Amino acid sequence: MPEVTVTRRMHFNAAHRVHNPELSDEENERLFGKCNNPNWHGHNYMLDVSVTGQIDDRTGYVMDLAALKRVVQEAVIDKVDHRNFNLEVDFMRGVIPTAENIVVGCWRVLAPRVAPARLVRLVLWETPNNYVEYEGR
């Protein structure tokens, strides 16, 4: 049977500070620049969630996109929207909240919740010009 990939795009707003507490303030500022602002900064993120699977004969879906939206909303968006990644997001606790680490954190909470489809790709847009991709490897 053919496998098809479907994607749902979700939006959220969140703040963070890119900061490594093991480094000096000077080293953090040198490495991370304005992203190290001690008063935080925020982004209007977009998260593309792609799942793959066989088309269900009964429904014609790989996964109902309304169901995928609910999963992403509950597992990620409700936890991060209008929050601070450094202070308020449980799946980011103790992790430097770069876009790279945020997308891996999102994967960890989403992957077990999309069965029988399989999560195959996340794309996290931090700005209209900058994004990261993760395929679970």
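For residue 32, the solvent-accessible surface with a 1.4 Å probe is about 60 Å², rounded to the nearest 10. The calculated 222 nm mean residue ellipticity attributable to helices in the chain amounts to -6000 deg cm²/dmol, summing -39500 (n - 2.57) over DSSP H runs of n ≥ 4 and dividing by all residues. Just to confirm the filter: which GluC sites (Glu not before Pro) across the stretch 19-102 are DSSP coil and have at most 16 other Cβ within 10 angstrom of their Cβ? Answer in residue order: 22, 88. Rolling a 1.4 angstrom probe over the chain with all protein chains present gives an accessible area of which 47% lies on carbon and sulfur atoms.
The heavy atoms of residue 62 present about 20 square angstrom of accessible area, all protein chains included, probe 1.4 Å. Exposure check, 1.4 Å probe, all protein chains in place: residue 134 carries approximately 50 Å² of accessible surface. Taking the Cα atoms only, what angle lies between the long axis of helix 99-110 and the longest principal axis of the chain, rounded to 10 degrees? So the helix axis and the longest Cα principal axis differ by about 40 degrees.
The values are calculated or read from the model by the stated rules, or taken from the named source; none is laboratory data. What you are looking at is a predicted structure, and each value in this text was computed from that prediction instead of being measured. Cβ: placed from backbone, ideal geometry, glycine included. Neighbour counts: every protein chain shown. Calculation scope for accessible area: heavy atoms of the full protein, side chains included, ligands and nucleic acids excluded. Shrake-Rupley method; radii C 1.70, N 1.55, O 1.52, S 1.80 Å.
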